[in-house]
Amino acid sequence: MRLILLGPPGAGKGTQAKLLVERYGIVPLSTGDMLRAAVAAGTPVGLKAKDIMAGGGLVPDEVVVGIIADRILEPDAAQGFILDGFPRTVPQAEALDRLLKERGLKLDAVVELRVNESALLQRVEARVAQMEARGETVRIDDTPEVLSKRLAAYRAQTEPLVHYYSERRALLTIDGMMTIDEVTKEIERVLSAIVAAEKRAKAAPRKARELSKASKVAKTAAKAPVKADKAVKKQAAAAKTAPKKAAKKASKKPSKAAAKGAKKAASRNTAKKGGKKAVKKAAKVANKAARKAGSTAKKAAKKHAKSRSKTVKRLTKRR
Ligand code: AMP
């Protein structure tokens, strides 16, 4: 599953991302966390981002796109990821589309957490108090002054993404003013509907393939009797002419020669067209005809011999 969490600072993206990561076994990718780590490590990216972040502005697109491009290629992201805080501008969203397309990946959904701006300051203040209580280092951009700048940046540069993704039919808007649990349940509900729809979409081409295979088999099966019938008719015709040919041979070795000749005629016509069954059936018909031909030939030979001896007798009597 590949998701984007969209929403202003303090909307609860980080909290929901953690829960979704557990639920779907996907990796969380927060550009804010990555940039803070880069700042702490004093990397070139960190040095570039440090002051911008402290002032509540946005780090240049190429910097964050570079970080994400490398990160989504790592093996742990192969099963899916949840992007928190990225994309934050339309050019970032376009870059992400290109990255995914190049890698043959698809975005499953963009979850927008919609909240009242008036509630955001209270939420951030509550977060600061909780972090202090846990003895954690408080973010330098979690102050009322910087928060108002971050909100202004969200409105101007990130909010257009709501339109960007709704146009692409990827946007799912959730009421972020509900309790954490309620928001989680609602996200899970809409995501499971997506998962079910994807399963159905995946199954559809397989079913279509199975159906077309079945219809091919049915068509072949429907043609088979016609083929066999044709072959049998041919054999019957071949068998009709077989007695004449067989009769000639039958005068020497009647039944065997006739059967051979008729069989040959049968297999010549059926081998190409009919199935094995048709060949067998045709051969049976031909054999029968050949036997008949053989006995007719024998009778003819006997008759001929009888009349010959009669003639001989008659002639000898006269002498
Ligand atoms: P966050 O933790 O998501 O609130 O991000 C903290 C700060 O990191 C932001 O106020 C920005 O200065 C910077 N930042 C994080 N993600 C991005 C991004 N996608 N584009 C530009 N700047 C970002």
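The values are calculated or read from the model by the stated rules, or taken from the named source; none is laboratory data. None of the values given here were measured: they were computed from a predicted structure. Here the Cβ positions follow ideal geometry from the backbone for every residue, glycine too, while neighbour counts run over all protein chains shown.
Kindly check whether there is at least one residue in the stretch 5-13 that is surrounded by fewer than 19 Cβ atoms within 10 Å (Cβ to Cβ) and either within 23 Å of E145 (Cα to Cα) or more than 10 Å from the ligand (Cβ to nearest atom) (or both). Checked against the condition, which is being surrounded by fewer than 19 Cβ atoms within 10 Å (Cβ to Cβ) and either within 23 Å of E145 (Cα to Cα) or more than 10 Å from the ligand (Cβ to nearest atom) (or both), the stretch 5-13 yields no hits at all.
Considering the stretch 133-175, the residues that are in a loop (DSSP other than H, G, I, E, B), within 16 Å of the ligand (Cβ to nearest atom) and at pLDDT below 95 include one that is surrounded by the most Cβ atoms within 10 Å (Cβ to Cβ), namely D141. Within the stretch 28-38, the presence of a residue that is farther than 20 Å from R114 by Cα and away from the ligand (no atom under 13 Å from the Cβ) is excluded. Suppose we keep only residues that are part of a helix (DSSP H, G or I) and either in contact with a strand residue (DSSP E or B) (Cβ under 6 Å, 6 or more places away or on another chain) or among the aliphatic types (A, V, I, L, M) (or both) within the stretch 91-115. Which one would you say is nearest to E198 (Cα to Cα)? Ranking the qualifying residues of the stretch 91-115, first place goes to L100. Could you check, for the stretch 40-57, whether at least one of its residues is more than 32 Å from the chain's Cα centre (by Cα), surrounded by 20 or more Cβ atoms within 10 Å (Cβ to Cβ), among the polar types (S, T, N, Q) and in a loop (DSSP other than H, G, I, E, B)? No, that holds for no residue. Against the criterion of being among the basic types (K, R), part of a loop (DSSP other than H, G, I, E, B) and modelled with pLDDT of 95 or more, R88 qualifies. Scanning the stretch 44-76 for residues that are touching a Lys or Arg at 6+ places or on another chain (Cβ under 7 Å) and under 19 Å from R103 (Cβ atoms) yields a total of 0.
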